[in-house]
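What follows is one structure encoded as structure tokens, with my remarks underneath.
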Amino acid sequence: MTVFMRRSSQRAEKMADAMNVGVNLEAFSQAISAIQALRSSVTRVFDSLKDGMKNKETLEGREKVFITEFQDNLQSVNRDLNELERLSTLVGRPSESHPLHNSGLLSLDPVQDKTPLYSQLLQAYKWSNKLPPLSRRFIRRGAELPTGFCRFHIKLQYHAGLASSLLNQQSLKRSANQMGASAKRRPKVQPSTLVLPPQYVDDVISRIGRMFPDMSIELFRPNGTSAVLLVTLGKVTKTIVVMRSLFIDRTIVRGFNENVYSEDGKLDIWSKSNYQVFQKVTDHATTALLHYQLPQMPDVVVRSFMTWLRSYIKLFQTPCQRCGKFLQEGLPPTWRDFRTLEAFHDTCRQ
Amino acid sequence: MGVTCVCQVPLAEGKSVQQTIDILHKKLEQLGAVKQGNFTVDCETYHATGNASGQPTKLLYVMHNSETPLSCLALFEGGPCLTADGNFDVLMIKLKSHFQNAKGHKVESRGSRYRYCDFLIKVGAVTMSSSARGISVELEYCPCVVPGDCWNLMKEFMQSFLGPSIPELPSVFATKPEGLYAPADCVDTMTQYLELFSKVRKQQVLPGTTR
């Protein structure tokens with residue numbers, strides 16, 4: 001018990017010494033008032049210069065008075081400056097041992113409500129400290145302990161790894177690629193569905209194009225090997241489908257009378273349609289390309305997507321299956337069910 | 001430019017032209033349409049002189065539309081039509097000897113232009129020599145170019161603000177239900193306006209509407 005008490009008192013003394021060797025608080029406050037005195041004497045100098053010569057009978061008298069006043073002011077400035085220098089030597093340096101190294105200096109920023117950097121930094125540090133023991137062992141095994149920021153980075157990576165493994169359980173993947181926490185282990189075999197010869201892609205697309213007589217598919221390759229399809233559906237829409245090998249990456253649906261080419265003659269794959277109905281159909285098409293997924297058989301996916309897209313040939317002629325009307329808020333039924341291809345208004349689908 | 005339908009709206013019970021137009025504006029604004037400016041469509045009539053006697057005089061109509069301000073359309077009723085630029089009017093003045101302007105027969109429709117979702121609605125007062133003769137409503141459904149596809153859709157929309165007085169399918173559509181509407185030069189729209197103006201010309205002057 002006494003050994004414990006001695007140890008704790010020794011620790012308390014060490015802490016007090018650390019505080020005392022640092023800043024001399026009295027000299028500090030005296031130095032602040034010396035600064036104020038210096039500021040006022042300098043202001044007096046400039047004020048006297050601004051006011052100029054006082055009104056006296058003779059020119060000589062005026063000049064003499066002005067010069068003596070100026071000299072007095074300069075001497076008071078000199079006195080105050082010397083006093084400040086003397087006090088600054090007494091103030092001493094603050095303690096060097098910062099627990100947070102340079103980031104501790106952020107606490108000196110007085111504007112707390114506009115830039116609460118220090119408190120946010122402390123919170124982030126506390127959060128990153130909540131590590132399971134396994135990762136602490138992992139860090140200790142490293143040859144050198146990195147500086148505070150690097151440690152923070154490693155902890156973040158670990159948390160990110162945990163999060164990605166949790167998300168991967170939800171099978172949001174459309175391709176058969178292996179990606180995960182063990183990023184260092186490269187996959188030895190490249191998955192075959194992502195790297196397909198362009199000729200194969202062309203064949204699949206032309207076969208699908210021949211399936212439907214009222215839908216024509218043109219294939220372009222404006223940027224390297226990724227195919228860009230221009231699907232013309234009757235006289236209703238022109239859809240642009242951007243592919244990545246045989247996976248559908250993006251799609252934009254525009255009206256039949258809208259321009260698909262940009263000013264330099266290339267296919268315009270970015271600008272939205274001018275009409276609200278086709279902007280809505282574009283959103284639904286994006287949902288569809290995320291819905292139809294079969295990582296090992298991408299050609300079946302493309303065929304299902306095209307079948308779904310073809311149901312829009314009667315976009316303006318079909319009433320909604322639920323409410324029976326053509327228009328809801330000015331829009332025709334733009335939603336097509338993924339299984340039955342029935343038409344619904346966006347607000348009428350369950 | 002999409003499928004356009006032009007029709008004439010009868011006056012409301014006991015109301016004048018301006019009052020009926022105000023009622024229509026209010027209904028459109030209640031639906032959620034936004035006013036986007038004004039529009040004008042006018043039509044001048046020219047008699048073709050120099051015909052052999054016994055033949056009826058051919059009438060040439062020169063029409064202008066504020067949607068295409070730099071063009072004008074010249075057409076014979078049921079016959080060929082020509083799209084030209086604004087200088088065509090000056091040319092007609094030069095052709096005074098062949099075509100005489102029937103000045104009293106100029107008909108025009110002037111009013112406000114509304115936009116609702118993908119619809120463009122123009123409600124105008126039809127006037128002939130500064131006397132109001134009726135109300136014209138032009139409805140355009142911009143995304144569609146095939147009249148046969150969207151006629152039911154347009155009828156449903158017209159019902160929502162015109163009430164029971166919905167027109168029947170315009171004759172222009174009947175001839176080509178599956179063909180493409182002719183958007184570039186508004187020929188089909190102007191043909192419909194011409195039919196409406198001809199009907200209005202033959203009508204009696206409405207009581208209490210002369211200015």
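Which one, B:Met92, B:Leu73, B:Thr49, is farthest towards the positive end of the dipole of region B:41-101 when Lys and Arg carry +1 and Asp and Glu -1 on their Cβ?
Final value for the positive-end residue is B:Thr49.
Can you give the accessible area per residue of region A:193-315, in Å², using a 1.4 Å probe?
47
Could you please state how large a percent of the accessible area of chain B is carbon and sulfur, counting protein chains only and using a 1.4 Å probe?
Answer for chain B is 54 percent, counting heavy atoms of protein chains only.
Counting only residues 5 or more places away or on other chains, whose amide H sits under 5 Å from the amide H of B:Cys144 once H atoms are built in the peptide plane?
B:Val3
Using only protein heavy atoms and a 1.4 angstrom probe, determine the accessible area buried between B and A, summed over both sides, in Å² to the nearest 100.
Buried surface at the B/A interface: approximately 1600 Å².
With charges set only on the Cβ (+1 for Lys and Arg, -1 for Asp and Glu), what does the dipole of region A:226-350 come to about its Cα centre, in debye to the nearest 20?
Approximately 320 debye in magnitude.
Would you work out if region A:248-333 is rounded, prolate or oblate? Take a ≥ b ≥ c from the square roots of the eigenvalues of the alpha-carbon gyration tensor; rounded if a/c is under 1.5, else prolate when a/b is larger than b/c, oblate otherwise.
Since a/c reaches 1.5 but b/c is at least a/b, the shape of region A:248-333 is classed as oblate.
Could you sort the peptides A:276-283, A:343-350 by per-residue average Cβ neighbour count (10 Å cutoff), highest mean leading?
The most tightly packed comes first, giving A:276-283, A:343-350.
Show me, bin by bin at 10 Å from 0, the whole-percent P(r) of chain B based on Cα pairs.
8, 33, 36, 19, 4, 0
Restricting to DSSP loop positions (anything but H, G, I, E, B) with no more than 12 other Cβ atoms inside 10 Å of their own Cβ, which GluC sites (Glu not before Pro) remain in region B:116-168?
Here the sparse-neighbourhood loop sites are B:Glu168.
If you take each beta carbon of peptide A:330-338 and count the beta carbons of other chains within 10 angstrom, what is the mean?
2
Pick out, in residue order, every one of the trypsin sites (Lys or Arg not before Pro) in region B:1-87 that is DSSP loop and has at most 14 other C-beta atoms within 10 Å; say none if there are none.
The qualifying sites are B:Lys15, B:Lys58.
Please list the non-local residues whose amide H lies under 5 Å from the amide H of B:Gln36, H modeled 1.01 Å from N, same-chain partners needing a gap of 5 or more.
Amide H neighbours of B:Gln36, under 5 Å, 5+ apart: B:Arg113, B:Tyr114, B:Arg115.
Could you calculate the FRET efficiency of A:Leu81 with A:Asp51 from 1/(1 + (r/R0)^6), where r is the beta carbon distance between them and R0 is 22 Å, rounded to 0.05?
0.40
Quote the accessible area belonging to B:Ile135 in square angstrom, nearest 10, computed with a 1.4 Å probe and with ligands, DNA and RNA left uncounted.
Accessible area of B:Ile135: about 0 Å².
Hey, what do the phi angles of region B:30-36 turn into as Karplus ³J(HN,Hα) couplings, whole Hz, using 6.51/-1.76/1.60 and θ = phi - 60°, x for Gly and Pro?
My calculation for region B:30-36 gives 5, 5, x, 6, 10, 6, 10 Hz in order.
Counting only residues 5 or more places away or on other chains, whose amide H sits under 5 Å from the amide H of B:Ile135 once H atoms are built in the peptide plane?
B:Val9, B:Val126
Between A:Glu329 and A:Phe70, 0.36 nm times their residue separation minus their Cα-Cα distance comes to what?
Length difference between fully extended and current span is 85.0 nm.
Given a 1.4 angstrom probe, I'd like the percentage of the accessible area of region A:209-334 that is carbon and sulfur, rounded to a whole number.
The nonpolar share, carbon plus sulfur, comes to 50 percent.
Starting from the residue with the highest accessible area, list A:Arg254, A:Arg322 in decreasing order, probe 1.4 Å.
Order by accessible area, largest first: A:Arg322, A:Arg254.
Mind checking the dipole of region B:57-166: about its Cα centre, +1 per Lys or Arg Cβ, -1 per Asp or Glu Cβ, Debye to the nearest 20?
Roughly 540 debye for region B:57-166.
Could you tell me the number of lysine pairs in region B:2-155 with C-alpha atoms less than 14 Å from each other, where the two lysines are 8 or more residues apart or belong to different chains?
Close lysine pairs under the 14 Å cut-off: 5.
Pop out a list of residues from region B:150-168 that are at least 30 Å² less accessible with all the protein chains around than in their chain alone; 1.4 Å probe, no ligands or nucleic acids counted.
For region B:150-168, once contacts with the other chains are taken into account, B:Asn152, B:Leu153, B:Glu156 lose 30 Å² or more.
For peptide B:136-145, how many partner chain Cβ atoms fall within 10 Å of a residue's Cβ, on average?
Shielding by partners across B:136-145 averages 5.
Which of the listed residues, A:Val241, A:Phe278, A:Leu219, is farthest toward the dipole's positive end in region A:193-315, when Lys, Arg count +1 and Asp, Glu count -1 at the beta-carbon?
Value computed over the given set: A:Phe278.
Just how large is the dipole of region B:14-117 about the Cα centre, in debye to the nearest 20, putting +1 at every Lys and Arg Cβ and -1 at every Asp and Glu Cβ?
260
So, taking all protein chains as they sit and a 1.4 Å probe, how much accessible area belongs to B:Asp42, in Å² rounded to tens?
We get 20 Å² for B:Asp42.
Just to be sure I understand the interface: list residues from region A:234-251 that lose 10 Å² or more of accessible area between the chain on its own and the complete protein assembly, 1.4 Å probe.
A:Lys235, A:Val236
Taking a cut-off of 22 Å between Cα atoms, list the lysines near A:Lys130, but don't count ones fewer than 8 places away on the same chain.
Within the straight-line limit of under 22 Å, A:Lys130 reaches these lysines: A:Lys155.
Across peptide A:276-287, what mean number of C-beta atoms from other chains lies inside 10 Å of a residue's C-beta?
The mean count of partner-chain Cβ atoms within 10 Å per residue comes to 1.
Ignoring ligands and nucleic acids, what accessible area does A:Ile252 show with a 1.4 Å probe (Å², nearest 10)?
Rounded to the nearest 10, that gives 10 Å².
Given a 1.4 angstrom probe, what's the average accessible area per residue across region B:41-101, in square angstrom?
Each residue of region B:41-101 exposes 59 Å² on average to a 1.4 Å probe.
The values are calculated or read from the model by the stated rules, or taken from the named source; none is laboratory data. Note that the structure is predicted; figures quoted are calculated from it, not measured. A quick note on method: Cβ atoms are made from the backbone with ideal geometry, for glycine too, and the neighbour counts reach across all protein chains shown. These area figures cover heavy atoms from the full protein model, side chains too; ligands, DNA and RNA do not enter into them. Shrake-Rupley method; radii C 1.70, N 1.55, O 1.52, S 1.80 Å.
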